Structures are given as structure tokens and as C-alpha cells.
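Okay, so here's the structure we're looking at.
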């Protein structure tokens, strides 16, 4: 929804020929061997989205749609009368369950991940069955994912010697200044080194995750349905599954560049970075010929 950005950053032109971040995501996924894209949107923008966005990729890759609606809830749960905010990224992934029948990656549409991350995840997923509960994520360094223009939220990971996730905690309001990365809390200040692997919501999953998410959503709604702003985050949900021994999640290090536009002031840095990638030959100009 782009509340901090002030608009729909997913479709804001940023490349040298007016390319959007969504264009680069689809392009890089295709280069890595993915053959289908599912757009998860609100039902009320379907017609306009299909015409202005989805149509750009038809004929290049198989396109499908799924819908995150406030009233799409498991069991007998109902939406509180004053609820306006979406239920979070775990709910978003769960809402795509009817159009995904094989291994897939789940990403944010307003981030640039780099083709290397798609390639790493594609390799991991290639031999996975739909029933596998071996999941993965692209692991970026925390200090490579911060904004100069305000705080960010990051899923900070702890891993074992085999790079398997042991815990993941969603930290909000992380900022940096004068070489220091920190989050202020009511009880003090949490500091980070910057080398911590973090989730940028780039996940390698299978359909086995959907019934697992449904259970987690049910527990979340039981505990939080009256909180009009509470959200069920996918990093928290997957961390819970690994802690309970119901799934494994491998953190796959990636050297691919990442950048996003949390704030309007981030846009010039992103456009400059994209221009450099085009100039280096990483991408053709224009992206779609």
C-alpha cells in the first residue's frame, strides 16, 4: 500500500526506460528458470491491475492472480467491524494456496533482489516435492539492507553450522547513524553488528506450508483478532515452524544486490543503482524488447 512511500512504489517507474521494480522481479525470475508468476492483490483493484500491470507479462510468462481479502480467514473467524489493515504477510502467502501446486518463491513486489538470489533459490527448489517441508530463504547482510531516510523492519536470523535457521525475530524500527545500527525500545536500546543474516521476504516454499500457515493463522486470530493493527508476519510464522521441528529452513547466503524504496527519498538511490546495472550490461535497455 506504500503508506511510508506515499504511493504504489511497485509500479513507480525507476529504470532508465521507465521499468518498475516489478519488471525486474519478473525478468530475473524468468532468467533463473521460473515459468509462472502469481500476483497477490486486492480484489477491488483486479480489473485495473490486469490491464495496467499483468498485461505487460502476458505472452512472456504464465500469469495468475490470487487475492488477499480481509474476510478470507480460516475456520469460523470473522473480521472485526473496524478492521482496515491487512492481516500480514503470512496471511498473504496463505491466500495464494489455491493457485500454487508446486514449489515456489514468495517475494515483496517493491524490492529489487538481483538475479543471483533467484538462481540460488531455483537450485534449492528444483528437487523439492509439493509435500516437502524443507524450506529456504535468501539471506542478506543487515547492513546492506538499511535506508538512509528512516527506520526499517527486518527479520533477523540465527543459524546453526549447517546454515539451518534456529530462530528468526522480526525487529521493527531498526535505524543506523554514525556507524551504529540499533533499535530503540521502551527498555533500552538493541544494537546490531550489521553482519546478521536477515530476511528480505524472499522465501523458497512448497504447498506443504499452506496447512501449516492455516494453523498458525488460527492461533494468531484467537489471540489477536480484537487488535485492529496486529499482523501475522511470514518470518515469524516460519520461525515458529522451525522451532517446533515442523519444518527446516535453510538460509542461503546471496551476494546479489538488494535495494528497496521504503521512503520516497530512497528512489534516487535506486534509480542510480539500476542505471549502473544497465550500463554494466547486466540488463538490456529497454528491459523488455
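Each value in this text was obtained by applying a stated rule to the coordinates, not by laboratory testing. These figures come from a predicted structure and were not determined experimentally. Virtual Cβ from ideal backbone geometry, glycine too; neighbours counted across all protein chains shown.
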- Two-decimal Rg to Rh for segment 120-243 - Kirkwood Rh, Cα set: 1.00
- How big is Rg to Rh over segment 122-177, alpha-carbon atoms, Rh as the Kirkwood inverse-mean-distance radius? 1.08
- As a percent rounded to 5, the proportion of antiparallel DSSP bridges among beta bridges in segment 9-279 is 70 percent
- Message: Below 8 Å, C-alpha to C-alpha, sequence gap of six or more: please give me the relative contact order for segment 9-279 in percent.
- Response: 26 percent
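With each run of n ≥ 4 DSSP H residues scored as -39500 (n - 2.57), what mean residue ellipticity at 222 nm is computed for the chain after dividing by its residue count and rounding to the nearest 500 deg cm²/dmol? Mind dumping the intermediate values first?
Numbers: 7 runs with 74 residues, N = 289.
Computed ellipticity for the chain at 222 nm equals -7500 deg cm²/dmol.
For segment 153-211, what is the Kirkwood estimate of the hydrodynamic radius, computed as the reciprocal of the mean inverse distance between distinct Cα atoms, to one decimal in Å?
Numbers: mean 1/r = 0.0749 Å⁻¹.
Computed over segment 153-211, the radius equals 13.3 Å.
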- Message: Based on C-alpha coordinates, I'd like the Rg and Dmax of segment 5-125, in Å.
- Response: 15.4, 49
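Ordered by packing density, taken as the mean number of other Cβ atoms within 10 Å over each peptide's residues, highest first, how do 134-141, 152-159, 224-231 rank? Show your work: numbers first, answer last.
Working: 134-141: 23.9, 152-159: 19.2, 224-231: 13.0.
Peptide ranking by packing, descending: 134-141, 152-159, 224-231.
Any chance you could run the full-extension gain for residue 163 through residue 246? It's 0.36 nm times the residue separation minus the Cα-Cα distance, nm to one decimal. Present the calculation step by step, with values, prior to reporting the outcome.
On the way: separation 83, 0.36 × 83 = 29.88 nm, distance 1.71 nm.
Stretched fully, the residue 163-residue 246 segment lengthens by 28.2 nm.
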- Item | Kirkwood Rh in Å, taken over all unlike Cα pairs in segment 87-193 | 16.4 Å
- Note on the structure: For segment 174-268, the Cα-Cα pair-distance distribution in 10 Å bins from 0, as whole percents, is 11, 30, 37, 21, 1
- Query: Per 10 Å bin, what is the whole-percent P(r) computed from every C-alpha pair distance within the chain?
  - Reply: 6, 27, 37, 25, 5, 0
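From the Cα gyration tensor of segment 84-137, with a ≥ b ≥ c the square roots of its eigenvalues, which class applies: rounded if a/c is under 1.5, or else prolate if a/b is larger than b/c, or else oblate? Mind showing how you got there, number by number?
Values: a/c = 2.56, a/b = 1.26, b/c = 2.04.
It is oblate, given that a/c is not under 1.5 and a/b is not larger than b/c.
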